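Notes follow the structure.
The values are calculated or read from the model by the stated rules, or taken from the named source; none is laboratory data. Just so it is clear, the model here is predicted, and its values are computed rather than measured. Backbone-built Cβ (ideal geometry, glycine too); neighbour counts: all protein chains shown.
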Amino acid sequence: MDSSAISAPRKRVLSLIQPTSVPTIGNYIGALRNWAAMADDYDCFYGVADLHALTIRPDPPALRRQSTEMFAMLLALGLRRGNNVVFVQSHVPEHCQLNWILTCYTQFGEAARMTQFKDKSASHADNVNLGLFSYPTLMAADILIYQADYVPIGADQKQHLELSRDIAERFNGIYGPTFTAPEPYIGKIGSRVMSLQDPTKKMSKSDPNPKGAISILDSPDQIVKKCKSAVTDSEASVHYAEGKDGVNNLMTIFSACTGQTFERIERDFAGKGYGDFKLALAEAVIEELRPFQEEYRRLMADPASLRQAAAEGAEAAARAARRTTAKAMKKVGLWMAERG
Ligand code: TYM
């Protein structure tokens, strides 16, 4: 047996998702599906980013309910296997502690350049709070606290990931090796799934047009309706090409759900209209989500075991988080209290 295979430590993966609404198949294809694919080969930390959700002042009872539901969804995706940890961000207070330290190693100009900050401060002009501004340093804390090697994300989070990497390298440059510099893992297919109603915009949980996004909890009926009403073009030919944003997007979703290449899809639907393709697409999405939806319903019917799983996740995540936080605190010169 190859002894290097035994001694090499397993690489770490981390990613979080906000609980503010039910994930779309954009979140699923761009991120969650990759989380599941990585769950066997790495030591993974996956979680619910409830602290990030506070930046848009959610309704408190809704946030509590949605956090529980999102946690159940992560379990229903089968992410808690092997050594993997599934947890809720606010259950591990060290994220906030490290966030403060990292905030002091991030330049104002760097945070001000973040396109998501610019977009969100325009769309929430009445509440441009400091949390919205320092959102990426909390994200850096989430990642660096677990010494993550890889972070599976959609393309929209790439800039935040690059900032996390810059912060890690800056800190390591001043104090010596402290944090692993993380790399994004962005899938080749579906890193930016677009709205079904406006394929020039990313599919978003907060799309005001409910037909623009398929949620991963939508019923088969809803999925069929949304696929049927998806915007395409007047060419009536299923092929991937520049200028066919709507069809390209549907092909991306179809390919992600069935594993089929674009060439195969083009061959299978040659001579057929968009109606046939949209029905096949709906069927593929329904089948992809079916096992997940069944498991989710089973878990939601057992709140005691959900609470137990959240407590176990928090404990395991905190063990790893405490080690990194203590290391960073010592490096910057904080006088460490000795507590029993
Ligand atoms: P969030 O909750 O907006 O989205 C969760 C994940 O889904 C991806 N995604 C998409 N991928 C493809 N097509 C789309 N239309 C699409 N929409 C969303 C996102 O890129 C993301 O990977 N800030 C993060 C949450 C977070 C986080 C972290 C992520 C907090 N701390 C640390 C990674 C590491 C966010 O708001 O994602």
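Taken as a whole, the condition of being at pLDDT 95 or above and in the same structural domain as Ala317 (by TED's automatic domain parsing) applies to Asp149. Once the stretch 271-315 is narrowed to residues that are among the acidic types (Asp, Glu) and surrounded by fewer than 16 Cβ atoms within 10 Å (Cβ to Cβ), the residue that is farthest from the chain's Cα centre (by Cα) is Asp276.
Residues are listed down the side, and each one gets a yes or a no for (1) in the same structural domain as Gly30 (by TED's automatic domain parsing); (2) in contact with a Pro (Cβ under 7 Å, 6 or more places away or on another chain); (3) hydroxyl-bearing (Ser, Thr, Tyr); (4) more than 20 Å from Gly187 (Cα to Cα):
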site: Thr200; (1), (2), (3), (4): no, no, yes, no
site: Lys225; (1), (2), (3), (4): no, no, no, yes
site: Val231; (1), (2), (3), (4): no, yes, no, yes
site: Gly243; (1), (2), (3), (4): no, no, no, yes
site: Cys257; (1), (2), (3), (4): no, no, no, no
site: Glu266; (1), (2), (3), (4): no, no, no, yes
site: Tyr274; (1), (2), (3), (4): no, no, yes, yes
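Checking Glu169 against (1) more than 8 Å from the ligand (Cβ to nearest atom); (2) under 18 Å from the mean Cα position of the chain (by Cα); (3) not in a loop (DSSP other than H, G, I, E, B), which single condition isn't satisfied? That leaves (2) as the condition not met. Considering Thr252, Thr261, the condition of being β-branched (Val, Ile, Thr), more than 30 Å from Glu94 (Cβ to Cβ) and exposed (fewer than 14 other Cβ atoms within 10 Å of the Cβ) is satisfied by Thr261 alone. If you go through the stretch 56-90 and keep only what is over 17 Å from the mean Cα position of the chain (by Cα) and either within 14 Å of the ligand (Cβ to nearest atom) or basic (Lys, Arg) (or both), you end up with Ile56, Arg57, Pro58, Leu63, Arg64, Arg65, Arg81.
Condition check ((1) at pLDDT 95 or above; (2) away from the ligand (no atom under 12 Å from the Cβ); (3) closer than 25 Å to Leu32 by Cβ) across all residues:
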{"position": "Gly173", "(1), (2), (3)": "yes, yes, no"}
{"position": "Thr178", "(1), (2), (3)": "yes, yes, no"}
{"position": "Pro199", "(1), (2), (3)": "yes, no, yes"}
{"position": "Met203", "(1), (2), (3)": "yes, no, yes"}
{"position": "Leu217", "(1), (2), (3)": "yes, yes, yes"}
{"position": "Pro220", "(1), (2), (3)": "yes, yes, yes"}
{"position": "Ala236", "(1), (2), (3)": "no, yes, no"}
{"position": "Asp245", "(1), (2), (3)": "yes, yes, yes"}
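Among helices (runs of 4 or more DSSP H) entirely within the stretch 44-124, having at least 3 residues that are over 26 Å from Lys158 (Cβ atoms) singles out 60-76. The listed residues are Ala125, Ala62, Ala141, and the only one of them that is surrounded by fewer than 22 Cβ atoms within 10 Å (Cβ to Cβ), over 23 Å from Ile216 (Cβ atoms) and not charged (D, E, K, R) turns out to be Ala125. Considering each of Ala36, Ala53, Ala8 in turn, give the residue that is out of contact with any Phe, Trp or Tyr (no Cβ under 7 Å at 6 or more places or on another chain), of a type in the set (A, V, I, L, M, F, W, C) and either over 19 Å from Val88 (Cα atoms) or away from the ligand (no atom under 14 Å from the Cβ) (or both). The match here is Ala8. Figure legend. Inter-residue proximity from the stretch 244-255: first residues in contact (Cβ under 8 Å) with a residue 60 or more places away in the chain, second residues crowded, with 19+ Cβ neighbours inside 10 Å and in a helix (DSSP H, G or I), beta-carbon distance below 7 Å, spacing 6+ or different chains. Indicated pairs: Ile253/Ile25; Ile253/Ile29; Ile253/Leu281; Ile253/Val285; Ser255/Ile265.
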